[in-house]
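Worksheet for the structure shown next.
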Amino acid sequence: MSSTATDAPDTAESRTRLLPYFLILFGMSAGLASIMTLLAELRSELGFSEAGIGLAIGAGFGAAFVATLVMAPRADRGHAPLLLRVGILLGIAAMVLLAVGDQLWHFVCGRLVLGFALGTAGPGARRTVIVADPDNLGRNMGRLGAWDVGGFVVGPMIAAGLNAVGGFRLTFWVMAGLLILLLPASFHAQPDQGVQDTEGRGLRGLMRIRRLVGAFFVVAAYFVFIGAMEAVWILELDTRGASSTAIGLGLTLAALPIPLLSPWGGILAQRYGARRWAIGSLSAVSLAVVFYGLVPGVVGLLLVTMLTSALEGFGFPSAPMLVAAAVPEDRQASAQGLMGAVELATGAVAAIVFAALYDATDDTTVWSTVAVVMAILLAVGAILTRPPDGQPVRPGVPFGLIRRLFR
């Protein structure tokens, strides 16, 4: 984490070493997206209530939350490849359970297992990407985000097509098959050569690091928006008269700019400073969010959403980079796992709060409130992540990578 380069050569060896982590997160994200796409189908085919589906979704979030906290520190002790293998095996088991199940508890267990799988594999993958090639930190974090979000882009299209051909069971069987095909890649994952947490500190003391706490405020600002999107955005499209096809297309269009632009966003964040880039891009998102409740019609909402998604794509890698810069190499996975817990907790609370607010008021009130909350969190994050001497660093000045990221 002490390199001074910001545009180091991107080697084939580096890409090959990180590819298993990219592929497996892509496959698991596609599996999760397929579940989200088929929620209405499960409700109609199996007679699940909305409360039952909510229970299953909540179980998945809860399992991912626990896994990120419990499993992430193990990656700092050199076990990232093992966690990747455990994650994909759990993902396969979850998809098989969903494919054969016909009762609510089957679906709850399947979603719980998949949540734990995602929480197990994710922090280890992030640590490896961070410490494996610090000179290309921004580019590689952008690529990781691109593959991860790419699964959410591709997953709904695959799920919709397979469901039309053979129903939801075929979809889950195919997703299980996809993960099985990716299983050999997990055995090619190489352990990183970074400094390990030989003392077994895990999460201890992390919340006393001021800049890390500030980075978490920045992350929370983004996931306030994500939680509101999940709870309100689709409902508002439906209220405005969008068909299921239009909603599915809207989901794809909304996510597509993120994987396309994330690698560029990571490079720019490393070049100009992750702190500046994260706070700037999310501030722009918070301004765009206000228009969600002002533009009329389905097309207007989709256009503003695509604009916001482009801003997200450029800023997507910068918040994890800000977290990475706040801790030494031997705490990377633990910090990223704690970041994942912040993401899940913030998104869940935001979804509940803004769903209730939407039910009581209207979309204009919801999105204006989202923007205000984001602005407050970003302001706190900007203060806490400020360099100790308070002096900005001009682009191009050869300071260490950590100092550059906190500009």
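Comparing V154, V70, V165 in a Gaussian network model of the chain, where Cα atoms under 10 Å apart are tied by springs, the biggest mean-square fluctuation is seen for V165. Between the C-alpha center of the stretch 100-179 and that of the stretch 25-54 there is a gap of 13 Å.
Report the extension gain between E45 and L203 in nm, rounded to one decimal, defined as 0.36 nm multiplied by the number of residues separating them, less their alpha carbon distance. Walk me through the numbers on the way to the answer.
Working: separation 158, 0.36 × 158 = 56.88 nm, distance 4.32 nm.
Going from the current span to full extension adds 52.6 nm.
Comparing the stretch 206-407 with the 2.2 N^0.38 Å rule of thumb, its C-alpha radius of gyration ratio is 1.05 (two decimals). Taking M374, M36, M71 in turn, the Gaussian network model of the chain (Cα-Cα springs below 10 Å) assigns the largest fluctuation to M36.
Between the stretch 212-259 and the stretch 333-373, what is the C-alpha centre distance in whole Å? Computed from Cα coordinates, the inter-centre distance equals 11 Å.
Applied to the stretch 236-243, the Karplus parametrisation 6.51 cos²θ - 1.76 cosθ + 1.60 on θ = phi - 60° returns per-residue 3J(HN,Hα) values of 5, 4, 5, 4, 7, x, 6, 7 Hz, with x for Gly and Pro. In the chain, the calculated helix contribution to ellipticity at 222 nm averages -26500 deg cm²/dmol per residue, counting -39,500 (n - 2.57) for every DSSP H run with n ≥ 4. Decide, for the chain, between rounded, prolate and oblate: order the square roots of the alpha carbon gyration tensor eigenvalues as a ≥ b ≥ c, take rounded if a/c falls under 1.5, and otherwise choose prolate if a/b is larger than b/c, else oblate. Oblate, because a/c is 1.5 or more while a/b does not exceed b/c.
Of the peptides 90-103, 357-370, the ranking by mean beta-carbon count within 10 Å, highest at the top, reads 90-103, 357-370. Each residue of the stretch 103-115 was assigned a 3J(HN,Hα) from its phi angle through the Karplus expression (A = 6.51, B = -1.76, C = 1.60, θ = phi - 60°), giving 10, 4, 5, 4, 5, 4, 5, x, 5, 5, 5, 5, x Hz with x at Gly and Pro.
Any read-out appearing in this document is the output of simple, stated calculations on the displayed coordinates, not a laboratory observation. Since we're looking at a predicted model, the values are computed, not measured. Here the Cβ is made from the backbone with ideal geometry for all residues, glycine too, and neighbour counts use every protein chain on show.
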